[in-house]
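The values are calculated or read from the model by the stated rules, or taken from the named source; none is laboratory data. Every value quoted in this text rests on a predicted model; they were computed, and no experiment measured them. Cβ placement follows ideal geometry from the backbone for every residue including glycine, while neighbour counts extend to all protein chains displayed.
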């Protein structure tokens with residue numbers, strides 16, 4: 001059946017006065033005051049001061065796609081300096097600071113009701129966050145790449161797993177971090193091989209044939225989304241929770257704290273980007289239509305006048321969005337036996353099928369973690385009593401679980417909370433037949449590891465939201 005379109009276009013700013021922001025009104029009033037006050041003392045109306053002030057007022061008041069001409073000029077100058085100096089750091093734009101630069105409507109957990117999220121610009125021009133005013137949640141979306149895994153030693157691999165575990169444990173010191181979402185993505189990318197090199201004609205012919213066969217390949221990246229709940233903020237930061245600017249500062253602090261720990265988890269910190277509204281649109285557009293990469297600007301942003309999608313059709317167990325068929329599955333059974341580090345590496349490093357492996361991590365406060373651990377201990381004791389009555393020996397699995405609970409109790413004593421987690425897998429293909437092949441391959445990869453995927457029948461619309469780079473998977 002067909003579903004409603006979801007809009008992800010920048011909105012016209014409601015403004016402070018007559019559709020203008022406070023900054024625009026301040027510029028116009030200042031320019032008018034500088035021009036009018038001297039007139040009371042006999043200065044000619046055609047003086048250079050009046051002309052300059054009039055030009056400034058017009059530039060400040062004139063809106064183009066929701067931004068003043070001065071604001072657009074400031075952004076252009078910022079990117080110009082960025083190009084001239086070769087810097088890749090974020091540039092400051094005072095005209096987008098703490099302003100709503102877009103909105104997006106997403107279904108809630110049941111897929112029935114639409115919830116509106118504001119996309120708010122931060123003090124950095126190339127960074128924005130999703131603001132859920134109803135739940136006081138702000139989400140930052142980061143794009144990065146992982147370092148090589150395949151040829152690393154077991155010690156390096158275990159160190160990266162330990163590093164990620166420590167990053168999650170650090171959330172015990174940040175009670176307002178309510179959700180961390182990681183998305184290992186495989187996506188179609190267009191290859192543009194240049195064949196202008198001089199050489200043997202036969203060699204160039206072979207290269208041309210190879211390039212035509214390799215026009216599309218698979219790229220890989222990782223999306224890390226960090227969500228804070230400002231109602232749980234404690235300490236000196238509590239005073240900042242009442243304003244959007246304060247929320248932006250709190251979120252920035254949490255992002256910097258967690259990103260610094262990703263270095264030990266195998267992340268390439270030289271290539272981390274905090275995505276803005278246009279870049280988020282660009283990522284989603286290419287997910288639905290790989291050919292759309294030619295529409296993106298040099299920073300990966302999708303222009304405002306390009307529709308995010310032209311068609312959304314939901315069927316019982318898959319979605320058809322623009323050029324791609326997509327199916328989202330929920331990991332309803334994780335491996336019951338211990339698995340090695342990187343046990344899903346073959347899945348997320350494949351070069352054939354586009355997919356998104358979404359993992360949601362909910363840090364638990366100490367009291368909830370302790371309650372959960374006590375329940376596990378009671379269950380182990382109950383099983384042990386039953387085995388003794390029946391004369392059964394203690395299984396190796398029970399021994400490992402008992403040892404794990406002892407270690408967890410030691411960690412709780414050190415102040416480390418626990419983490420709840422869940423996972424989704426979204427596969428994509430340009431045709432329905434290829435989607436079935438991709439689904440069967442992913443399903444077999446999980447079955448080999450004693451895990452199971454549920455196809456989320458009749459819930460694909462809300463299931464697809466988990467695959468989008470918005471950090472909204474598993475929200476409560």
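Structure summary
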| read-out | value |
| --- | --- |
| Qualifying residues in the stretch 263-284 (those that are over 16 Å from residue 220 (Cα atoms) and within 15 Å of the chain's Cα centre (by Cα)) - the one surrounded by the fewest Cβ atoms within 10 Å (Cβ to Cβ) | 274 |
| Residue ID - farthest from the chain's Cα centre (by Cα), chosen from residues in the stretch 340-380 that are over 30 Å from residue 175 (Cβ atoms) and assigned to a helix (DSSP H, G or I) | 346 |
| Check on residue 346, at pLDDT below 90 and assigned by TED's automatic domain parsing to the domain that holds residue 273 | yes |
| The listed residue being in the same structural domain as residue 150 (by TED's automatic domain parsing), surrounded by fewer than 13 Cβ atoms within 10 Å (Cβ to Cβ) and either more than 30 Å from residue 431 (Cβ to Cβ) or under 23 Å from the mean Cα position of the chain (by Cα) (or both), out of 322, 305 | 305 |
| Flag for residue 442 being under 25 Å from the mean Cα position of the chain (by Cα) and part of a helix (DSSP H, G or I) | yes |
| Condition met for residue 127 (over 19 Å from residue 231 (Cα atoms), modelled with pLDDT of 75 or more, in contact with a strand residue (DSSP E or B) (Cβ under 8 Å, 6 or more places away or on another chain) and buried (at least 20 other Cβ atoms within 10 Å of the Cβ)) | yes |
| Checklist (1) at pLDDT 75 or above; (2) in a helix (DSSP H, G or I) applied to residue 398, failing item | (1) |
| Filter result for residue 302 (in a loop (DSSP other than H, G, I, E, B) and within 30 Å of residue 228 (Cβ to Cβ)) | yes |
| Criterion violated by residue 197 - all others in (1) at pLDDT below 70; (2) within 30 Å of residue 358 (Cβ to Cβ) satisfied | (2) |
| The stretch 410-456 - residue that is surrounded by 20 or more Cβ atoms within 10 Å (Cβ to Cβ), modelled with pLDDT under 85 and in contact with a strand residue (DSSP E or B) (Cβ under 6 Å, 6 or more places away or on another chain) and, of those, nearest to residue 173 (Cα to Cα) | 417 |
